[in-house]
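Derivation of every value follows stated rules applied to the coordinates shown; laboratory data play no part. Remember, it's a predicted structure, so these values are computed and weren't measured experimentally. We place every Cβ from the backbone using ideal geometry, glycine too, and count neighbours over all the protein chains shown.
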Amino acid sequence: MVERTPILNILTHLILLTGLIMLLVPLWIVFVASTHDFRTVNTVPMTLWPGNQMIENYTLAWNQSGFGPKMLNSFIVAIGVTAGKIAIAAISAYSIVYFNYRFRSLFFWMIFVTLMLPLEVRIVPTYAVAANVLRPYQELLDLVGLTSLVNTVAGIRLALPEWSMLNSYTGLILPLIATATGTFLYRQFYLTVPDELAEAAKMDGAGPLRFFWDVLLPLSKTNMAALGTIMFVYAWNQYLWPLLIVTDIANYGTAVMQLQRIVPGPLFGEPPRWHIAMAGTLMVMTPPLLVVIFMQRWFVRGLVSTDK
Amino acid sequence: MTGKRVTFSNTWLAGLLIAPQLILVFTFFYWPAGEALYWSFTLEPPFGGENQWVGWQNFKTVFEDPLYWNSVRISVIFALSSTVLAMGIALVLAVFVDRRLPGYQAYRFMYFWPYAVAAPAVGLAFRFIFAPDAGFVSALNQWYPGIWNPARNGVDAVILITLANAWSMVAYNFIFFLAGLQSIPRTLTEAAAMDGSGVLRRIADIQFPLLAPTFFFLVVINLTDSFVNSFGIVDITTAGGPARATDLMVYKIYSDGFKGKDYSLAAAQSLVLMLLVISLTFIQFRFVERRVHYS
């Protein structure tokens, strides 16, 4: 600004540098540890300079934990969740903003209130639902008396089939797709779109779907990128949910889940192979890190404008 | 709600467009939340059959359990200290980055990175860095044997998970503080500078007061996050130990529900946590003015 403050400037740089060290040193240590052999990584005090075992460690970590299919699963889940969230946010907000019907505020609030129900507070029953997804509907049918009605009239027991989402991509993706923040973000965006656009589209004879697809969606590209980056990071980093519903780890395990299995230590009576564990950690954290680094602008905008 | 002047009138289509999300929300949010409520007031008979209504008994069991209060106490300590730590560091960094001295873009760029790291990965990294017999902090033990051991000492374990959690939250706070600072009109600070107030004076008298809404918003978010999203870090670093020293509320729900198979007790605890989250969110909506920044 206007004044000269040489001492304060030096102090500022010192503080910023300290902050940088605090925030990046853990990542550096993970990297350094992943490049040494067993003996060096367990030496105290540890060296802060990379060694030459990098390729061996990463190859071993990759092969030993079967990271190939797990990374692939993580990508499938992360992309599925991201695409699903964007799609569902775009259409629900479209319905709420561009159509005039009685329950639209109620619906909006129903979606919005889910912010107060994070997975962790409803974890056991959500797991139970995933084990048999149609059970809520069966119980609803029973509750309103439809089941007994059909039973007396037609003599058939009205039973919905069992549908378990455990050990499936559907189970990893579908329960995470509902999005209050995404819907809110899209609603805010639609409200800033000038009314004249819809008017013009109507005058030209475009129906609601045509208007949505040809006008609104292309306009919302910025929104999409912002939402997409934060949701990709969110979905890739999921841990508790996959841990619960995946028991068939060979086929459906995700990369982040695998971290639990590479924790070294006397706990499992094996030598602390930290170099392999750190190689695994670094591999798991890389994809979302790259997304944040390369999509920085969209990422920040998405984070700030959704305000959770 | 502020709607559009121009709307479409096809109600069927409107219903069809919003139905998928409503179905998901009902199936995976409202139904399980309702079920948690039902389970917390009922007990499953040991030999099968319908759940039996037991009133407040599950809650009584939970509240009379010293282990539960232990986990509440630890969760509160954990949430408060990681919030203070993460927000304090983020605020200082944001204020100084906002001075825009040469090179500030580089700092701003790299401060974001920790946000991308998954909680269990943070946990594993910190477990290594703070391991008593290897890694970075173990040098302390060489200098003074036995001073640091999170696997044995409960206080050390709490410090470890708090540091890990704070580290992973600094980036988020930083982004919001910086956005808040950047939304303060430049003319305001320039005018103050013209009037002769120095950098620190401007920070204290202009930037901090104007950051108040952001600050309050972040307090709520950080607390909620520490109460709710701490599972990944705890599970990898300490698994609730040693001797339940890091048995956070979320972790206890998980271990009672899935390892102990006691759904009713887990449901009662979930409900307490749910009330906590709801009240925090409510405070946020009630008292925090929503401010959207367009950068």
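When the Cα centres of region B:108-185 and region A:103-173 are compared, how far apart do they sit, in Å?
Distance between centres, Cα-based: 40 Å.
Using only alpha carbon pairs under 8 Å that are at least six residues apart, calculate the relative contact order of chain B and give it in whole percent.
Once divided by the residue count of chain B, the mean separation gives 26 percent.
For a quick check, take a GNM of chain B with Cα springs below 10 Å and name the residue from B:Ala164, B:Ala33, B:Ala191 with the largest mean-square fluctuation.
Maximum fluctuation in the GNM of chain B, among the listed residues, is at B:Ala191.
Return the sequence-ordered ³J(HN,Hα) values of region A:52-64 in whole Hz as given by the Karplus equation 6.51 cos²θ - 1.76 cosθ + 1.60 applied to θ = phi - 60°, using x for Gly and Pro.
10, 9, 3, 4, 4, 4, 5, 4, 5, 4, 5, 6, 4
Answer rounded, prolate or oblate for chain B, using the Cα gyration tensor with square roots of eigenvalues a ≥ b ≥ c: rounded when a/c is under 1.5, else prolate when a/b is larger than b/c, else oblate.
oblate
For region A:92-100, just list the computed ³J(HN,Hα) in residue order, Karplus coefficients 6.51, -1.76 and 1.60, θ = phi - 60°, integers in Hz, with x standing in for Gly and Pro.
Values per residue, Gly and Pro as x: 5, 5, 4, 4, 6, 8, 9, 10, 10 Hz.
Just the Cα atoms of the protein assembly as shown, one point each, no solvent: what log10 I(q)/I(0) does Debye give at q = 0.07 Å⁻¹?
-0.48
Could you work out the helix-only [θ] at 222 nm for the protein assembly as shown, with each DSSP H run of four or more residues adding -39,500 (n - 2.57) and the total divided by the number of residues, to the nearest 500 deg cm²/dmol?
-20500 deg cm²/dmol
With +1 on the Cβ of every Lys and Arg and -1 on the Cβ of every Asp and Glu, and nothing else charged, how large is the dipole of the protein assembly as shown about its Cα centre, in debye rounded to the nearest 20?
920 debye
Specify the residue with the greatest mean-square fluctuation among A:Glu56, A:Glu196, A:Glu162, computed from a Gaussian network of chain A linking alpha-carbon atoms under 10 Å apart.
Most flexible of the set in this elastic network: A:Glu196.
Pick from A:Phe75, A:Phe31, A:Phe99: which residue has the top mean-square fluctuation in a GNM of chain A where Cα pairs under 10 Å get a spring?
Judging by the Gaussian network model, the answer is A:Phe99.
Provide a whole-number value for the mean count of partner chain Cβ atoms within 10 Å of the Cβ atoms in peptide A:187-196.
Per residue, the number of nearby Cβ atoms from other chains is 2 on average.
Please report B:Glu44, A:Glu3 as a ranked list, fewest other C-beta atoms within 10 angstrom at the top and most at the bottom.
Neighbour counts put them in this order, fewest first: A:Glu3, B:Glu44.
Would you calculate the separation in nanometres between label points at A:Thr222 and A:Leu140, each defined as 7 Å from the Cα along the Cα-to-beta-carbon direction?
3.9 nm
Can you tell me the dipole magnitude for chain B around its Cα centre, using point charges on the Cβ only (Lys, Arg +1; Asp, Glu -1), in Debye to the nearest 20?
860 debye
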